[in-house]
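Participant: Got a structure for you, questions after.
The numbers here are math on the coordinates, done by the rules we state, and not lab data. These figures come from a predicted structure and were not determined experimentally. FYI the Cβ positions are ideal-geometry reconstructions off the backbone, even for glycines, and counts take in every protein chain you see.
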Amino acid sequence: MAQLWGGRFTKGTDEAVKEFNDSLPFDQRLYREDIRGSIAHARMLGIQGIISPEDSAKIEEGLNGILADIESGALTFEGGYEDIHSFVEAHLTDRIGEAGKRLHTGRSRNDQVALDMKLYTRRKAEEIREDVLGLLEVLADLMEKHIGTYMPGFTHLQKAQPTTLAHHLGAYFEMFRRDVTRLNDTIVRMNECPLGAGAMAGTTYPLDREYTAEALSFDRPTRNSMDSVSDRDYLIEFLSDLSLIMMHLSRFSEELILWNSNEYRFVEMDDAFSTGSSIMPQKKNPDICELVRGKTGRVYGDLVSLLTTMKAIPLAYNKDMQEDKEPAFDAIDTAQSCVRLFAQMLSTVTFREDVMRRSAVLGFTNATDAADYLVGKGVPFRDAHGIIGRIVLYCIERNESIDDLSLEELRSFSPVFDEDIYDAISLETCVEKRLTAGAPGSDAMRDEISESRRWLDSQIKE
Ligand code: ARG
């Protein structure tokens, strides 16, 4: 096992210290990024005449061989190397000799690891952005399908006003739409290349930082070299984007859990996305939703862990920063699997339209509309509110809905009631007359959905 340092040491590293210090067990997942960054660096060294074109070509070939062998499984991460950077460099030198030892010219592991993490994070941010867009497609399809699926809308978890499933799902569409735009912003801000910052003060070699930045598809090189090696803002920003995504998934999960409960029965989970109980044969549990809700705390924890790690690190690189990896990887893995599984689960849920509709009819969701009816007949809103409140109380005592009362009964509360009240407070009217932009009426909803579709198309790049 070759170490990248040791010249100034007279003793080997204590075994426990080595185990404590090594990051290969978790940073091995950066192998693609590490190799990609090294190839760009080696090419640039060759072009700039810092190493010979022959050495540059040999390095590139050697690195490509290592990449192929890792991917095929021929090369494993055994051997007790300190980190992914040492692992790749040691294998390179084993394979190509002298030239391999020239790769690290004008570079430090500090700018190398900063680059690897950025490349990895950018790739994952782009993937998760695609995953959220996939979830939005599922939502848009469901919205289209359920423009006419009436259900109660809730406030304080009490039935409030009638709405539609399309409208309810549309609220989640907006949350995940914001998540995509947040990821877009994060990707733009993180897209600067730290390679060439060296240990902290750049280097005296004539590196071409513009070249490597462009070769690695960054918008530009980073500016200040101290900031370049000590910045992990982009990770924190990305993890906060993921925390918001998880928060949205968790709220949605919570609702699906409620809706799947024996009391609501608004939805039926697909068998493939539910689990049973080892003791209670009747059980079919919404475990995916519960796990997503549970894993949300874990992603928040990863974010707080990173913020706390960074809060007192003096400039520039300090080994504390190695602790960015496990929480970042955990948050990325967790959020990505949650978004993907949730989208699949959602596309298989059966919405019980009959139960939702019945629930909207019962529970006085048309009380606001009944009050508005009186307003239309000239009654001041505050008085109308009082009259309908008394009617609701009367209905509760009789276990009836406002629609069930006869015109005579209604008139005993206010003489302005007429035959047209029944139409005015029907479920259809209550929903369909709500046509302000963003409201559940079919025409408003259709406008919202076509705007959402147009936006989705604009986000599907390339
Ligand atoms: N494993 C280290 C990390 O993840 C790589 C950078 C090491 N740099 C150093 N100067 N020891 O941060």
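Participant: At a 10 angstrom cut-off on C-beta neighbours, averaged per residue, how do the peptides 206-212, 152-158, 249-255 rank from highest to lowest?
Facilitator: 249-255, 206-212, 152-158
Participant: While we're here: Considering amide H positions built from the backbone, and no H for Pro or chain starts, which residues 5 or more places from Gly153, or on another chain, come under 5 Å of its amide H?
Facilitator: HN-HN under 5 Å from Gly153: Ala160, Gln161, Thr163.
Participant: Binning every alpha carbon pair distance of the stretch 231-317 at 5 Å from zero, what are the percents per bin?
Facilitator: P(r) over the stretch 231-317, rounded to whole percents: 3, 13, 18, 16, 13, 10, 9, 7, 5, 4, 2, 1.
Participant: Charges on Cβ only, +1 for Lys and Arg, -1 for Asp and Glu, centred on the Cα centroid of the stretch 267-388; of Asn285, Leu307, Ala370, which one is farthest towards the dipole's positive end?
Facilitator: Going by the charge dipole, the pick is Ala370.
Participant: Determine the calculated [θ] at 222 nm for the chain from helices alone, applying -39500 (n - 2.57) to every DSSP H run no shorter than 4 residues and normalising by the residue count; nearest 500 deg cm²/dmol.
Facilitator: Mean residue ellipticity at 222 nm (helix-derived): -20000 deg cm²/dmol.
Participant: Moving on. Find, to one decimal place in angstroms, the Kirkwood hydrodynamic radius of the stretch 407-462, where the mean of 1/r is taken over every pair of different Cα atoms and then inverted. The partial results should precede the final answer.
Facilitator: Details: mean 1/r = 0.0713 Å⁻¹.
Over the stretch 407-462, the inverse of the mean reciprocal pair distance is 14.0 Å.
Participant: For the stretch 208-217, in order, what is each residue's ³J(HN,Hα) by Karplus, 6.51 cos²θ - 1.76 cosθ + 1.60 with θ = phi - 60°, in whole Hz (x at glycine and Pro)?
Facilitator: Per residue, the Karplus-derived 3J(HN,Hα) values read 9, 6, 4, 4, 5, 4, 5, 4, 9, 6 Hz.
Participant: Rounded, prolate or oblate: which fits the stretch 381-427, taking a ≥ b ≥ c as square roots of the Cα gyration tensor eigenvalues, rounded meaning a/c under 1.5, else prolate when a/b beats b/c?
Facilitator: Rounded is the answer for the stretch 381-427, as its axis ratio a/c remains below 1.5.
Participant: Something else: Report the far tail of the P(r) of the stretch 147-266, meaning the percent of Cα-Cα pairs longer than 23 Å.
Facilitator: Numbers: 3808 of 7140 pairs.
Percentage above 23 Å: 53.
Participant: Two-decimal Rg/Rh of the stretch 292-349 from alpha-carbon positions, Kirkwood Rh?
Facilitator: Working: Rg = 15.0 Å, Rh = 12.8 Å.
Result for the stretch 292-349 is an Rg/Rh of 1.17.
Participant: Moving to a separate point now. Please order Cys289, Cys430 by the number of other Cβ within 10 Å, starting at the fewest. Each step should come with its number before you reach the end.
Facilitator: On the way: Cys289 28, Cys430 24.
By the 10 Å Cβ count, ascending: Cys430, Cys289.
Participant: Moving to a separate point now. Per-residue HN-Hα couplings for the stretch 6-11, Karplus 6.51 cos²θ - 1.76 cosθ + 1.60 at θ = phi - 60°, whole Hz, x for Gly and Pro?
Facilitator: Working through the residues one at a time gives x, x, 8, 9, 9, 10 Hz.
Participant: Please provide three numbers in whole Å: the alpha-carbon extents of the chain along the principal axes, with the largest listed first.
Facilitator: 100, 51, 40
Participant: Out of Met345, Pro327, Ser359, whose Cα points farthest toward the positive end of the dipole of the stretch 308-380 (charges: +1 Lys, Arg; -1 Asp, Glu; placed on Cβ)?
Facilitator: Ser359
Participant: On to the next question. Taking a ≥ b ≥ c as the square roots of the eigenvalues of the Cα gyration tensor of the stretch 350-403, is the shape rounded (a/c under 1.5), prolate (a/b larger than b/c) or oblate?
Facilitator: oblate
Participant: A further question follows. Could you give the size of the charge dipole of the stretch 8-138 about its Cα centre, using +1 on the Cβ of each K and R and -1 on the Cβ of each D and E, expressed in debye and rounded to the nearest 20?
Facilitator: In total the dipole reaches around 500 debye.
Participant: Continuing with this model, one more query. Provide, for q = 0.16, 0.18, 0.22 Å⁻¹, the log10 of I(q)/I(0) from a solvent-free Debye sum over equal Cα point scatterers in the stretch 74-209.
Facilitator: Relative scattering, expressed as log10 I(q)/I(0), comes to -0.94, -1.07, -1.23.
Participant: Here's something else I'd like to know. Using only Cα positions of the stretch 6-153, each an equal point scatterer, no hydration layer, compute I(q)/I(0) via Debye at q = 0.13 Å⁻¹ and quote the log10 values to two decimals.
Facilitator: Result of the Debye calculation: -0.69.
Participant: Follow-up. Could you give the size of the charge dipole of the chain about its Cα centre, using +1 on the Cβ of each K and R and -1 on the Cβ of each D and E, expressed in debye and rounded to the nearest 20? Working shown, then result.
Facilitator: Values: 53 positive and 79 negative charges, 177 e Å.
With only Lys, Arg, Asp and Glu charged at Cβ, the dipole is about 860 debye.
Participant: Taking N as the number of residues in the stretch 318-462, what is its Cα Rg relative to 2.2 N^0.38 Å? Could you put the intermediate results ahead of the total?
Facilitator: On the way: Rg = 24.4 Å, N = 145, 2.2 N^0.38 = 14.6 Å.
For the stretch 318-462, the normalised Cα radius of gyration is 1.67.
Participant: Continuing with the same structure: Please rank Arg129, Arg29, fewest neighbouring Cβ atoms within 10 Å first, as an exposure proxy.
Facilitator: Placing the least packed residue first, the sequence is Arg29, Arg129.
Participant: Please identify the DSSP H helices in the chain that span no less than 20 Å along the helix axis (Cα) and have a mean Kyte-Doolittle hydropathy of -0.5 or more.
Facilitator: 31-47, 53-72, 109-145, 165-190, 233-260, 287-310, 325-348, 381-398
Participant: Hey, another quick one. Report, in debye and to the nearest 20, how large the dipole of the stretch 378-449 comes out about its Cα centre when Lys and Arg carry +1 and Asp and Glu carry -1 on their Cβ.
Facilitator: With Lys and Arg at +1 and Asp and Glu at -1, about 360 debye.
Participant: In sequence order, what are the phi-derived ³J(HN,Hα) couplings for the stretch 195-205 according to the Karplus relation 6.51 cos²θ - 1.76 cosθ + 1.60 with θ = phi - 60°, rounded to whole Hz, with x for glycine and proline?
Facilitator: Along the stretch 195-205, the couplings run 4, x, 6, x, 5, 4, 10, x, 8, 8, 6 Hz.
Participant: Rank these for me by crowding, Lys145, Lys58, going from fewest to most other beta carbons within 10 Å.
Facilitator: By the 10 Å Cβ count, ascending: Lys145, Lys58.
Participant: Please work out whether the stretch 1-44 counts as rounded, prolate or oblate from its C-alpha gyration tensor, where a ≥ b ≥ c are the square roots of the eigenvalues and a/c under 1.5 means rounded, while otherwise a/b larger than b/c means prolate and anything else oblate?
Facilitator: In terms of gyration-tensor shape, oblate.
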